[in-house]
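Enquirer: Sending over a structure as structure tokens; questions will come in a sec.
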Amino acid sequence: ATGIEQAAIAKAAAPAAAQSRERLDVIARAQADSGFSGVVLVARDSVVLFEKAYSPPVGKRLTLASKFNIGSMTKGFTAAALLRLRSQHRLSFNDPISDFFPYGPPAKRGITIFQLLTHTSGLRGHSAGTGIMRREGAVNAILSLPVDYPPGTHYRYSDDDYQLLAAIIEVASRTTWEDYIKREILDPARMTATGFQGGDWGHKGANGMRST
């Protein structure tokens, strides 16, 4: 299409786009009236169609730059960091945790990185590292828990699996979980609005990140 034709198409599409934004705003406002607060973003492919902040009636005003606890979405960053370490030939997904925690109990030494990634380790606990500041203390607390089934035989979602993965990242990279993710993932992706919160091992690996 010529430049004139492209301009005509864009001009014709503008009212439809404005109408779509208005309809999305109506939908989001209905949710806000029912108690929702937060930032809504609607996109198609790489095009943002609608983005708006909805503040609570009482409390801090929200903006498009407001950061939120992204909870277990943190696990995706931990998994990506392990993929990065694998590409750097610092570990394999078949490695047993005894390669990183040689002091671990014999019954858990054969648990693999892959089993931690896929929540099939068999470990019973959930957030056993909460409140513990030292990595070794958190690893000991997690590995002191019973194994409920042979590793690799059943699935059960667990934060502890990903806390152990954060500890493995630190051993393999010789830096902190936070610093490795920032250097290898956030900085290259220009994710300047994404960061960390908390400091104990209940906030490493499984959760503990914030983002817009």
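Enquirer: Work from the charge dipole of the stretch 65-212 (Cβ charges, +1 for Lys and Arg, -1 for Asp and Glu, about the Cα centre) and give the residue of Y155, F196, G125 farthest towards its positive end.
Expert: Projecting each Cα onto the dipole axis, the largest value belongs to F196.
Enquirer: Quick one: compute the contact order of the stretch 58-119, relative version, from alpha carbon pairs under 8 angstrom and 6+ residues apart, as a percent. Intermediate results must be reported in sequence, preceding the final value.
Expert: Details: 28 pairs, mean separation 15.1, N = 62.
It rounds to 24 percent for the stretch 58-119.
Enquirer: Taking the Cα centre of the chain as origin, sum charge times position over the Cβ atoms of Lys and Arg (+1) and Asp and Glu (-1), and report the length of that vector in debye to the nearest 20. Could the numbers behind the result be given before it?
Expert: Values: 25 positive and 19 negative charges, 54 e Å.
It works out to roughly 260 debye.
Enquirer: Additional query: Calculate the spin-label point distance for Q31 paired with M191, positioning each point 7 Å from the Cα along the beta-carbon direction, and give it in nanometres.
Expert: About 2.1 nm separates the two model spin labels.
Enquirer: May I ask you to evaluate 6.51 cos²θ - 1.76 cosθ + 1.60, the Karplus curve with θ = phi - 60°, for each residue of the stretch 55-66 and list the ³J(HN,Hα) values in order in whole Hz, giving x for glycine and proline?
Expert: 7, x, x, 10, x, 5, 6, 9, 10, 5, 9, 5
Enquirer: Using a Gaussian network model of the chain with C-alpha springs under 10 Å, which one of D33, D45, D160 is most mobile by mean-square fluctuation?
Expert: Looking only at D33, D45, D160, the biggest GNM fluctuation is shown by D45.
Enquirer: Top mean-square fluctuation among N140, N69, N94, Gaussian network model of the chain, C-alpha springs under 10 Å?
Expert: In the Gaussian network model the winner is N94.
Enquirer: Between A18 and T212, what is the label-to-label distance in nm when each label sits 7 Å out along the Cα-to-Cβ direction?
Expert: It is 2.6 nm.
Enquirer: Quick one: among T120, T194, T63, which has the greatest mean-square fluctuation in a GNM of the chain with alpha-carbon springs under 10 angstrom?
Expert: T63
Enquirer: Can you list residues whose amide H is under 5 Å from S127's amide H, if they're 5+ apart or on another chain and H is modeled 1.01 Å from N?
Expert: Answer set, sorted by chain and number: D159, D160.
Enquirer: While we're here: Taking only C-alpha pairs under 8 Å that are 6+ residues apart, what is the relative contact order of the stretch 42-157 in percent? Could you put the intermediate results ahead of the total?
Expert: On the way: 105 pairs, mean separation 20.3, N = 116.
Relative contact order of the stretch 42-157: 18 percent.
Enquirer: Okay, next question. Helix 74-87: angle to the longest alpha-carbon principal axis of the chain, degrees 0 to 90, nearest 10?
Expert: 70
Enquirer: While we're here: Hey, any idea what % of the chain's accessible area is carbon plus sulfur with a 1.4 Å probe?
Expert: Numbers: 6600 of 12030 Å².
C and S fraction of accessible area: 55 percent.
Enquirer: Using the Karplus equation 6.51 cos²θ - 1.76 cosθ + 1.60 (θ = phi - 60°), what ³J(HN,Hα) coupling, rounded to whole Hz, does each residue of the stretch 128-143 give in order, writing x for Gly and Pro?
Expert: Once rounded to whole Hz, the list reads 5, x, 4, x, 9, 8, 8, 4, 4, x, 5, 4, 4, 5, 5, 6.
Enquirer: Follow-up question, since we're still on this one. Quick one: angle between helix 3-33 and the longest Cα principal axis of the chain, in degrees between 0 and 90, rounded to 10, please.
Expert: With rounding to tens, the tilt is 60 degrees.
Enquirer: Over the stretch 90-147, what relative contact order in percent results from Cα pairs under 8 Å that are six or more residues apart?
Expert: On the way: 55 pairs, mean separation 18.1, N = 58.
Relative contact order, the stretch 90-147: 31 percent.
Enquirer: Taking a 21 Å limit on the Cα-Cα distance, which of the listed pairs K52/K182; K67/K204; K60/K182; K52/K75 fall beyond it? Before the final figure, lay out the partial values.
Expert: Working: K52/K182 27 Å; K67/K204 18 Å; K60/K182 28 Å; K52/K75 27 Å.
Check vs 21 Å cut-off fails for K52/K182; K60/K182; K52/K75.
Enquirer: Tell me, in nm to one decimal, what length is gained between L49 and A79 on full extension, where the rule is 0.36 nm per residue of separation less the Cα-Cα distance?
Expert: Full extension from L49 to A79 adds 7.8 nm.
Enquirer: Related question: Taking Cα atoms, how many degrees apart are the long axis of helix 159-173 and the longest axis of the chain, rounded to 10 and kept between 0 and 90?
Expert: Once rounded, one gets 80 degrees.
Enquirer: Through the Karplus equation 6.51 cos²θ - 1.76 cosθ + 1.60, θ set to phi - 60°, convert the phi angles of the stretch 120-125 into ³J(HN,Hα) values in whole Hz; use x for Gly and Pro.
Expert: 10, 6, x, 5, 7, x
The values are calculated or read from the model by the stated rules, or taken from the named source; none is laboratory data. A quick note: this is a predicted structure, and the numbers were derived from the prediction, not measured. All Cβ positions, even for glycine, are placed from backbone atoms using ideal geometry, and neighbour counts span all protein chains on display. Only protein heavy atoms, including side chains, enter the accessible area calculation; ligands, DNA and RNA are left aside. Shrake-Rupley method; radii C 1.70, N 1.55, O 1.52, S 1.80 Å.
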